[in-house]
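K.L.:
Have a look at the structure that comes next, please.
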Amino acid sequence: LRFLGSPLRGWTTAAMGSTLEEGVDPALVLAALPRFAFAELGCIHLECADRSLLDATRVPSGFHVTTLPGYELELAIDGEPRSDADLLAAMTPHGRRDVRRSLRNGIVVEAVDPLDPGDFASVYYQQVSEAFARRSRLPTYPVERVEALIRHLGPTGDLLLLRSRTPAGEVAATGIFPGIPGGTAEFWMGASTRSLQPQLPNEALMWEALRRWRDRGASRFNFGGGGTYKAKYGGAPHTMPWARRSRFAGLEPARAIAFDLYRRRQRAVR
């Protein structure tokens, strides 16, 4: 069975969509996609999230649409990078306080070379596994996916790996931030050690990520899905249509059943 996904659910991949020449209507491209996917590629199902098509009312008929919630922050205004003071001002009072407290706590954020990441992936995965275990769940992906992401995106220069250390040198938090200069930077995933969270390592990590991607020329920062806590960093609510269509009508309920079974598995205790 062949599927076309940009992305498919469960890929932990942000919207990919299409790379279009100026003036091309993304709605027309999406309307033509089923014929290409089903007739030429032989696929039985396709899914697409395209940030150039943010208005759900413009999704062509025949598609099922799910709205993807999230938060985004503009890193540049009228083409000019925002200053540190402006980025802080965009945060909530709670967000500014926590960022400043994390720095006063002596948290130091360092960038990890994606070409020589060392144990970054394994440390991150240990931390994210701890977070999932608190909810009696398993991570939705293996550590090999993290290693593959670093291996493939690292050489492009479009991947930022950060980790927070306590004054004692402990790795308290890790974060993975792919992005494109002139486009969008993404918070792919992050995790921290629970016992060290009172020192606010996540806040220092996010503050560093915002500034580094601003300096790299990204125009916006996507915080990677829902979670109202992300608003404290200045993120504004953002939604994106996720369109899907199957060649056969019976695949839509089958997809729902498969996703339900997947969620049940994630609730299993290791």
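K.L.:
Of the residues that sit in region 219-246 and are part of a strand (DSSP E or B) and hydroxyl-bearing (Ser, Thr, Tyr), which one is surrounded by the fewest Cβ atoms within 10 Å (Cβ to Cβ)?
P.N.:
Looking at the filtered set, the residue picked out is Thr239.
K.L.:
Can you tell me which residue in region 58-88 is surrounded by the fewest Cβ atoms within 10 Å (Cβ to Cβ), limited to those that are among the charged types (D, E, K, R) and in contact with a strand residue (DSSP E or B) (Cβ under 9 Å, 6 or more places away or on another chain)?
P.N.:
Arg58
K.L.:
Does at least one position in region 110-122 carry a residue that is of a type in the set (Phe, Trp, Tyr), touching a residue at least 12 places away in the same chain (Cβ under 8 Å) and in a helix (DSSP H, G or I)?
P.N.:
Checked against the condition, which is being of a type in the set (Phe, Trp, Tyr), touching a residue at least 12 places away in the same chain (Cβ under 8 Å) and in a helix (DSSP H, G or I), region 110-122 yields at least one hit.
K.L.:
Taking the conditions exactly as written (in a strand (DSSP E or B) and assigned by TED's automatic domain parsing to the domain that holds Phe248), does Glu21 satisfy them or not?
P.N.:
Answer is no for this residue.
K.L.:
What is the number of the single condition among (1) closer than 18 Å to Arg212 by Cα; (2) touching an Asp or Glu at 6+ places or on another chain (Cβ under 9 Å); (3) in contact (Cβ under 8 Å) with a residue 24 or more places away in the chain that Leu75 does not meet?
P.N.:
Result: Leu75 passes all but (2).
K.L.:
Further, regarding this structure: Just name the residue that is farthest from Pro178 (Cα to Cα) out of those in region 1-44 that are exposed (fewer than 12 other Cβ atoms within 10 Å of the Cβ) and of a type in the set (Asp, Glu).
P.N.:
Residue satisfying both the conditions and the ranking: Glu40.
K.L.:
Please verify whether Arg137 is basic (Lys, Arg), over 23 Å from Gly95 (Cα atoms) and in contact (Cβ under 8 Å) with a residue 40 or more places away in the chain, treating the condition exactly as stated.
P.N.:
So Arg137 passes the test.
The values are calculated or read from the model by the stated rules, or taken from the named source; none is laboratory data. If you're wondering where the values come from, they're calculated on a predicted model, not measured in any experiment. Don't worry about glycine lacking a Cβ; one is built from the backbone with ideal geometry, like all the others, and counts go over all protein chains shown.
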